[in-house]
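Take a look at the structure set out below.
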Amino acid sequence: MSEFAHLHCHTEYSLFEGCIRIEELCSKAAEYKMPAVSITDSGNLYGAMKLYSAAREYGIKPIIGCEINLVPGKVTDRDKFNYHLVLLAMDLRGYHNLVKLVSAGWLQGFYYKPRVDKDMLQKYSDGIIALSACLKGEVQYLLRAKGFDQGLEAAMQYARIYPDRFYLELEASGYNEQAEVNDRLMELSEKTGLPIVAANDCRYLTPQDAEAHAVLKCIKNAERLDEQDLDNLDTRELYFKSPEEMEKEFSYCPTALENVHKIVEQCNLDLDSPKRHLPRYKPTIEDTLDKELTALALNGLDEKLATLPYKVDREKYFTRLDKELKILCEQGKSWYFLVVYDYVAWARSRGIAVGPGRGSAPGCMTAYALGITGIDPILHKLHFERFCNTKRAGVVDIDVDLCQERRQEVFDYVFEKYGQNSVVYISVFICMRARTVFRDVSLVIGISPEQAERIIQLIPQEPGMTISKAMEMEPALRSIMNDNEKMQRCFDICTRLEGLIRHITSHAARIVISNENLQDYLPLYRGRNHELIAQYDYNDLERLGFPGFDLLGLKYLSLISRTLDLIKASQKQAPDMDSLPLDDAKTFVLIEQGHTDGAFQLEGDGFRQYLRELKPERLEDLAAMLALYRPGPLVSGMLSNFIKRRHGRVAAEYAHAELADILKETHGMIIYHEQVMTIAHKIAGFSLEDAEILAKNLVGKKPEALIQQKEKFIKGAMQKNNVPVKTAEQIFDMMKQAGPYGYLKAHSIAYAMISYQTAFLKANYPEEFQQAKDTVFGKNMK
């Protein structure tokens, strides 16, 4: 293993200043057998946890750092001029100080960019190693612009802030003035005894990426480059050089290389076992969280069952609830349900519309009993194990739909209840896509907008589309590239840049709720409305032990609320949306005729055509339509087949008697993940936990896993139900064929309920519905 590692690296999270992808960075470091890999992005820690996770996977030590912007005076000064300084976290204490410093730069010192001053450096200096950075470092700048003495004075100032932890950074950057600055830094080291260290201010991965990096900077600054500019860059040396290259570059100064190893040895940050930073929920009717959840759920289910318009087996419902509560309490998840229950109950108490559920949560009886969801999981044959599997690690996740117009009230309630400093929004990273990157690059290198737009129209608008894939699919693109050297260069640069982070925004719905002052634990910045936003995304925050909650806004809930208000205002009796008759003839006539403008998810021309063909008569028909009106099932013919079976033009066939009960509502077709789970459970004796894992494997199509699952299924079917091998194989192949197109019934039936509710209001209260729709969506909407 080499002893060299790069300590100064800008990834794509140094927006438009670096173009190194973290996965490729760690892969290259592993290829070079480096002991560590670092991230020192400009003024932020956006990519820190991703670097940490990827490095761990490659078996390399992660070093988390940041190149900060340092003002000469105070952060209160409105001066755009700033220096650079590289800071590396040595341990957990240093990481937390780095986090606080980066947050301070954004929250207190932001002026065009995040900035800190030396008072802040001093306050958060423990556990941090500092490098004097690049040519924009204060020491380097003063050595060149003001003279040796002022450079020395600045260096000694840093040495006092970081005793025995400040290094003069020599670089192999290739800039004309770099060699002279390196000489002065070595002279300064000899005079003061301050250590020197070798680095390279890496901005791109390979020398071939230099042009792409130059274009990237021009995109940021809205500048243009001609062919001559691209051929004569100031440097092509800011790449991730191999240990051998760096040893050759600094053969005149072996001490600088030795100090790299010394720093690597001192940096030992461990974030693998973080404590959970959970919201502090205070029980109100019991003395523990588990007892509180149990009491609320039991009372809630008792009240719920008393109001259902159909008969139920109470014992069956309470038995399932008891089973779920036992699992949730054993897994320590009571706090999560109580937090969600609290803000959902608060919203309902204020007349704020809450959706019936989404995702797998409607399969949870506990959520149903608490009023978090509005779908009866037993009636609709939904499985708790799809929501919470005891054999699959991870947190439960309940997404809540709220009236779009009043959702902010719920956010405000959460912020007030848990504290302004204990609730933050989270980041979302938006990448450069094929069409966008071509438009940007073509503008920089001087291709006319008209010509660029003609080429852009040849790039298919499909999810996951790339420049390379587009050229495979569209011969005209290959022809353009092959016939024109400038275009060839453009396509090459686009390929190198696409997929990089283009900008960062806050998640529309997800927040972190904690019991801590989050400024002590997470790097933060402010959004457009001055809201606090964590610089990490959902996965990063989960890894660090910070739970997320989704409060989504849905305009159709606003439409329902406004319609009900107008009904009441007109002195009519408003319907109870939680107990609508689900067989209303007027509603299904409207749906069958395709008059579904304004009805949730039933509005598109294509969807309405299929509704006319299907002629739905029940909620389950709508749920099946929502599950099947997707690209995969449409292309495969599943939706057309379903319609034929619905009307008896194709007979439903069942390979085993058990299948008739499981697949009757979908006319013999496997549409839902839950159906796969039920088949595996009832026919092959799978536990519902194992059945859920099988359903996921069928979607992922992992060959090795499927072979093992098939053997287990056939063996289980033979033992449990005496199913012949050929029949068992036939059933498994049927599940395998449907697997990639399978949909979550819990989500589909919940959203079908909103579809039905909006259609019901339109069919029975057309004037009020239309007036509400014009207000919520605008009069120009169909």
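Bear in mind that the values in this text are calculations on the coordinates, not laboratory data. Not measured: the values here are computed from a predicted model. Reconstructed Cβ throughout: ideal geometry from the backbone, glycine too, with neighbour counts over all protein chains shown.
At a 10 angstrom cut-off on C-beta neighbours, averaged per residue, how do the peptides 546-553, 82-89 rank from highest to lowest?
Averaged packing, sorted descending, gives the order 82-89, 546-553.
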Taking the Cα-to-Cβ direction at residue 23 and at residue 555 and moving 7 Å from each Cα, how far apart do the two end points lie in nm? 3.5
Kindly provide the Kirkwood hydrodynamic radius of segment 337-478 in Å, to one decimal, from all pairs of distinct alpha carbon atoms. 19.5
Sticking to Cα atoms, compute the Rg of segment 574-662 to one decimal and its Dmax as the biggest Cα-Cα distance, whole number, in Å. 14.6, 48
Between rounded, prolate and oblate, where does segment 46-163 land on the alpha carbon gyration tensor, with a ≥ b ≥ c its root eigenvalues, rounded for a/c under 1.5, else prolate if a/b exceeds b/c? prolate
What is the distance in Å between the Cα centres of segment 733-756 and segment 549-563? 23
Full-stretch length increase - residue 593, residue 485 - with 0.36 nm per residue and alpha-carbon distance subtracted: 33.2 nm
For the chain, with only Lys/Arg (+1) and Asp/Glu (-1) charged at the beta-carbon, what is the dipole magnitude about the Cα centre, in debye rounded to 20? 2340
What is the distance, in nm, between label points placed 7 Å from the Cα along the Cα-to-Cβ direction at residue 468 and at residue 148? 5.3
Using alpha carbons only, how many angstrom separate the centre of segment 665-693 from the centre of segment 279-325? 27
Furthest towards positive pole of dipole, 536, 747, 648, structure part the chain, Cβ charges: 648
Percentage relative contact order, the chain, counting C-alpha pairs under 8 Å, at least six apart: 12
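Net charge near residue 301, counting Lys/Arg +1 and Asp/Glu -1 over other residues with Cβ under 14 Å of its Cβ?
Residues close to residue 301 contribute a combined charge of -2.
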If you average the C-alpha positions of segment 143-169 and of segment 80-125 separately, how far apart do those two centres end up, in angstrom? 18
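Quote the FRET efficiency, to the nearest 0.05, computed for residue 503 versus residue 652 with a Förster distance R0 of 35 Å and r equal to the Cβ-Cβ distance. Spell out each step's value before the answer.
Numbers: r = 50 Å, r/R0 = 1.44.
Efficiency at R0 = 35 Å is approximately 0.10.
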Summed side-chain charge close to residue 44 - residues other than residue 44 whose Cβ falls under 12 Å, Lys, Arg +1, Asp, Glu -1: -3
Could you work out the mean projected area of the convex hull around the alpha carbons of the chain, in square nanometres to one decimal? 38.7
At 7 Å along Cα-to-Cβ for each site, give me the label-to-label distance between residue 286 and residue 233 in nm. 6.2
Would you grab the residues whose amide H sits under 5 Å from the one on residue 69? Only those 5+ places off in sequence or on another chain, please, with H modelled 1.01 Å from N. 43, 116
Taking one equal scatterer on every alpha-carbon of segment 544-584, how large is log10 of I(q)/I(0) by Debye at q = 0.27 1/Å? -1.00
Is it possible to state the helix-based mean residue ellipticity at 222 nm for the chain, with each DSSP H run of 4+ residues giving -39500 (n - 2.57), the sum divided by total residues, to the nearest 500 deg cm²/dmol? What is it? -15500 deg cm²/dmol
Taking the dipole of segment 573-764 about the Cα centre (Lys, Arg +1; Asp, Glu -1; charges at Cβ), the one of 732, 671, 574 that reaches farthest to the positive side is 732
Can you bin every Cα-Cα distance in segment 444-483 into 10 Å intervals starting at zero and give me the percent of pairs per bin, rounded to whole numbers? 28, 55, 17
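Say R0 is 25 Å: what FRET efficiency, to the nearest 0.05, do residue 613 and residue 737 get from their beta-carbon distance? Intermediate results must be reported in sequence, preceding the final value.
On the way: r = 23 Å, r/R0 = 0.94.
After rounding to 0.05, the efficiency reads 0.60.
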For a quick check: with amide H placed at 1.01 Å from N, whose amide H comes under 5 Å from residue 723's, ignoring anything fewer than 5 positions away on the same chain? 718
Checking the a/c ratio against 1.5 first, then a/b against b/c, what shape does the Cα gyration tensor give for segment 91-135? oblate
1/(1 + (r/R0)^6) with r = Cβ-Cβ of residue 526 and residue 726, R0 = 45 Å, i.e. FRET efficiency to nearest 0.05, evaluates to 0.10
When a/c is below 1.5 the answer is rounded, else prolate if a/b is larger than b/c, else oblate, so apply that to segment 573-764 with a ≥ b ≥ c taken from the square roots of the Cα gyration tensor eigenvalues. prolate
Stretch gain in nm, segment residue 31-residue 458, where the contour uses 0.36 nm per residue and the Cα spacing is subtracted: 150.0 nm
